[in-house]
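Coordinate-derived values only; no laboratory data. Just so it is clear, the model here is predicted, and its values are computed rather than measured. No Cβ is skipped: glycine too gets one built from the backbone with ideal geometry, and neighbour counts run over all protein chains shown.
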Amino acid sequence: MRTYSQFGSPFSVPSITVSPIESPALSRKHRAWIALYALEGCDEQDRTEILRVNNVTEADLTEFEEGWLRLRCGNLSSNR
């Protein structure tokens, strides 16, 4: 637990870490998209860890990469 002070009165906030593996609400496609974003500019060493944390495989990345690129291109063009 972390303790914070607000208006001079301490209160506790639990530290919660939830990985995509523990969050069944995310589809395989969305976990793959999250991994693809995370893989941008990462070291090769980190790749295995990113795949593990997001519970996806290289095959998943390949399967959903086209949709992720469309999403990225759409976001890039709307920011201009």
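Observations on the structure shown:
- Each of residue 45 and residue 62 was given a label point 7 Å from its Cα along the Cα-to-Cβ line. The distance between the two points is 2.7 nm.
- Net +/- balance of residues flanking residue 67 in space, Cβ distance below 15 Å, scoring K and R +1, D and E -1: +1
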